[in-house]
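Taking it in order: structure first as structure tokens, then the write-up.
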Amino acid sequence: MLLCELTTPIERLAGVGKVRAADYREKLQVSTFADLLSLSPRAYEDRTRLTSIKDLRGEDNTINTKIIVVSHTYFGGFRKGERTLKIIVKDLSGTKLSLLCFGRNFLEKTLSTGSVWFINATVSTYNGEWQSSSFSVFRTQEEAGIGRVIPIYPMGGSLTQKSIRKDIKTILSNKYLTFDDELPAHLYDKYSLMHTDSAIRLMHDPRTMEEVRASRKTLAFTELLLMELALMRQSGYEKATVKSRISDLEEKLISSLPFTLTADQLKCLDEIRSDLDNQKAMNRLLQGDVGSGKTLIAWISSLHEIRKGYQVAFMAPTELLARQHAEKAAELLEPLGVRIAFITGDVKGKGRKLLLEALARGDVDIAIGTHALFSKDVVFRKLKYVIIDEQHRFGVEQRLALTGKGDIPHLLLMTATPIPRTLALTMFGDLQVSSIHTMPQGRKSIITYLVKEENRQKMYQTVGVEFKRGHQAYFVYPRIEDEGESGLRDVTNMFEYLKKEYPDVPSALIHSKISEEDKIRILTSFRKGEISYLVATSVIEVGIDIPKATCIIIEHAERFGLAALHQLRGRVGRSSLQSYCFLVYSDSLSEDGKARLRVMKESTDGFYIAEKDLEIRGPGEMAGSRQSGFLRLRYASLVNDLDLIEIAKKEAMEIIAKDRGLISTENYMLRLLISKGYDNT
């Protein structure tokens with residue numbers, strides 16, 4: 001039978017009463033026998049041999065050894081009931097070890113002087129003495145698990161390691177229970193995988209750590225392959241095989257540029273162009289750091305479709321960003337005869353009517369705007385290519401509303417918040433991903449400083465020097481006004497403070513409560529150099545391109561996530577000028593806060609930062625609430641299993657290309673498992 005067919009309720013297991021069953025369901029989401037056998041150990045203890053203190057190497061501080069009790073003593077407190085028992089023992093090597101029995105003074109009678117025991121303990125040294133406060137003792141070598149590898153499960157409520165191991169052993173002891181293989185036969189030999197029955201059994205009762213690795217590899221690969229297959233079947237994925245040629249319009253634009261496209265940009269263009277010429281609609285994610293040239297790729301690839309007589313829609317999350325894109329597009333594309341329209345909610349009256357009529361007639365090649373593009377009155381004559389900038393700011397419904405205005409148009413999603421490869425290969429299994437890793441020539445790496453409160457004045461002086469050089473700056477704060485949290489700086493009060501710090505330097509205040517018209521006016525003045533610094537909230541995170549801005553100061557940096565910090569830092573370093581980022585933090589830093597600031601200090605590579613963000617936050621939180629259930633993987637790790645994920649995706653592509661419906665005999669089990677929801681999506 002298949003593991004997922006073992007649907008017997010957990011209450012039917014001998015020895016599992018109402019309390020334990022309730023804890024299984026509530027604490028571990030285990031409702032059936034299959035759920036329990038799918039419970040992956042969070043760790044393993046290698047007790048395959050006896051190890052003494054003298055055997056410890058590196059960071060390993062766990063011993064499995066035989067001990068003899070030497071003596072008892074007490075420490076701490078003045079009364080007997082307040083003191084803690086310390087038991088002195090010797091291990092196999094003759095080394096003394098002190099067992100600190102916090103809350104376990106009853107062990108004085110159990111571990112009598114001269115008695116011999118087996119022990120599993122985590123040890124450390126203090127004042128030259130080996131000590132352990134975390135230990136378990138056993139009467140026999142068999143009870144101690146010596147000669148075996150011991151699985152360590154997640155627990156909760158009344159559940160203990162002993163009870164979980166016993167319940168799993170009870171299920172697997174059924175001599176009539178055998179699990180069918182879940183993968184096509186050729187994959188077991190190709191990737192040296194275990195058969196499914198062996199993998200399940202050895203995950204819970206391995207004899208060696210090698211068996212642990214082999215069983216986990218098999219189960220993780222199976223899980224990932226099923227996930228990728230389900231995603232590809234839902235999305236209608238087909239591998240593009242078209243080799244496309246560059247159009248004359250594209251060549252004209254590329255040759256007119258005052259610089260050479262990077263190798264990554266050219267590669268991404270080839271991938272997108274091939275998709276655009278394929279009969280199947282493109283569904284591609286283009287990712288790259290702030291300033292890496294993604295939007296230029298969008299404009300060049302747009303020409304490929306315009307040359308065929310099609311229309312293009314380009315959607316940005318804010319009017320500020322949409323307007324900036326429209327200005328750049330006009331500069332680059334209008335000389336080539338491309339007709340551009342700018343559509344936002346503020347475009348009204350007769351002007352809007354004439355613009356929409358032109359769009360419906362096909363007299364507009366590219367429509368650039370905000371969410372107003374998917375308004376009912378916006379009608380395209382021949383929409384074939386949809387580009388969405390900062391895709392994570394739009395929901396699935398909004399994308400569908402825009403793509404629904406065309407005849408199954410191609411879709412290009414762009415993001416300056418790079419997605420870790422493992423996350424992209426799973427969460428976006430239905431998307432093809434193009435990445436720009438290299439930055440344009442001449443850009444200098446941004447220098448990042450971590451600033452304590454006592455160094456604030458020195459930071460202000462450094463920024464003042466940049467003003468004297470004719471450069472500009474951003475001061476970013478997490479809130480608009482003081483909301484009663486003492487010690488937190490806000491833009492309103494700091495705007496007044498900075499005026500005193502820089503009395504002759506022109507400045508402006510910008511945040512979400514300021515009207516769109518005022519934001520545009522302020523940013524236009526900032527771009528012209530009439531304003532030297534902006535005091536802002538994270539409203540400036542996306543889409544502001546000021547080449548002379550060389551400094552960004554982010555106050556209470558520990559309150560921002562890594563993605564937001566990286567985006568904000570990307571507001572500077574937009575030219576060949578040396579730029580600086582100052583991350584000002586408070587003394588009360590959490591461990592995650594410290595980790596985030598260390599990452600920002602050591603790297604400006606958005607892809608590296610994204611991988612670290614995955615490690616710190618975990619996949620569910622990075623993906624957001626909609627995808628968190630989707631990413632509850634039982635066996636695979638999005639942090640450590642990149643190679644396995646890539647292999648699973650490659651195999652899924654080949655299977656779909658040959659047998660999309662999974663109707664062949666070889667793929668029968670895959671189809672059956674996906675139909676039963678085993679793909680974990």
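Note on the chain: with charges restricted to the Cβ of Lys and Arg (+1) and Asp and Glu (-1), its dipole about the Cα centre is near 800 debye. Residue ranges 73-79, 52-58, 607-613 sort as 607-613, 52-58, 73-79 when ordered by packing (mean number of other C-beta atoms within 10 Å per residue, highest first). Summary of packing: across the peptides 444-452, 495-503, 577-585, the per-residue average of other C-beta atoms within 10 Å ranks them, highest first, as 577-585, 444-452, 495-503.
Averaging sequence separations of C-alpha pairs under 8 Å and six or more residues apart, then dividing by the length of the chain, give the relative contact order as a whole percent.
Relative contact order, the chain: 13 percent.
When restricted to Cα atoms, the chain yields an Rg and a Dmax of 31.3, 99 Å, respectively. Less than 15 Å Cβ to Cβ from Q311, Lys/Arg counted +1 and Asp/Glu -1: what total charge do the surrounding residues give? Summing Lys and Arg as +1 and Asp and Glu as -1 gives +3. Solvent-accessible surface of the chain, averaged per residue with a 1.4 angstrom probe and all protein chains in place: 47 square angstrom.
Gain in length, K308 to T665, computed as 0.36 nm per residue apart minus the alpha-carbon separation, to one decimal in nm?
Numbers: separation 357, 0.36 × 357 = 128.52 nm, distance 4.33 nm.
In short, 124.2 nm is gained.
Between the helical axis of 263-276 and the longest alpha-carbon principal axis of the chain there is an angle of about 80 degrees. Of the peptides 148-161, 521-534, the ranking by mean beta-carbon count within 10 Å, highest at the top, reads 521-534, 148-161.
Compute the Cα gyration tensor for the stretch 207-317, then decide on rounded, prolate or oblate, letting a ≥ b ≥ c be the square roots of its eigenvalues: rounded whenever a/c is under 1.5, prolate when a/b is larger than b/c in the other cases, and oblate in all that remain. Since a/c reaches 1.5 and a/b is larger than b/c, the shape of the stretch 207-317 is classed as prolate.
Can you give me the relative contact order of the stretch 65-173 as a percent, contacts being Cα pairs under 8 Å and 6 or more apart?
Details: 161 pairs, mean separation 22.3, N = 109.
With pairs under 8 Å counted, the relative contact order is 20 percent.
Classify the stretch 289-342 from the C-alpha gyration tensor, please: rounded if a/c falls under 1.5, else prolate or oblate depending on whether a/b exceeds b/c.
Numbers: a/c = 1.70, a/b = 1.40, b/c = 1.21.
The shape class here is prolate.
For the stretch 172-236, the square roots a ≥ b ≥ c of the C-alpha gyration tensor eigenvalues yield an a/c of 1.5 or more together with a/b exceeding b/c, which makes the shape prolate.
Quick check: at a probe of 1.4 Å, how many percent of the accessible area of the stretch 508-613 sits on carbon and sulfur atoms? Kindly include the intermediate steps, with their values, before the conclusion.
On the way: 1830 of 3950 Å².
Of all accessible area on the stretch 508-613, carbon and sulfur atoms account for 46 percent.
Taking each DSSP H run with n ≥ 4 as -39500 (n - 2.57) and averaging over every residue of the chain yields -11500 deg cm²/dmol at 222 nm.
Once C-alpha pairs closer than 8 Å and six or more residues apart are averaged by separation and normalised to the residue number of the stretch 263-411, the relative contact order reads 28 percent.
Once you have the Cα-Cα distance between K444 and Q161, take 0.36 nm times their residue separation minus that, and quote the gain in nm to one decimal. Let's see the in-between values first.
Details: separation 283, 0.36 × 283 = 101.88 nm, distance 5.43 nm.
Full extension of this stretch gives 96.5 nm more.
Rolling a 1.4 Å probe across all protein chains gives D277 an accessible area of roughly 50 Å². Amide H contacts under 5 Å for Y153: R42, restricted to partners 5 or more places along the chain or on a different chain, H placed in the peptide plane at 1.01 Å from N.
The values are calculated or read from the model by the stated rules, or taken from the named source; none is laboratory data. As the structure is a prediction and not an experimental result, all values here were calculated from the model. Counting neighbours? That spans all protein chains shown, and the Cβs are built from the backbone with ideal geometry, glycine included. Please note that ligands, DNA and RNA were not included when accessible areas were found on the heavy atoms of the full protein model with its side chains. Shrake-Rupley method; radii C 1.70, N 1.55, O 1.52, S 1.80 Å.
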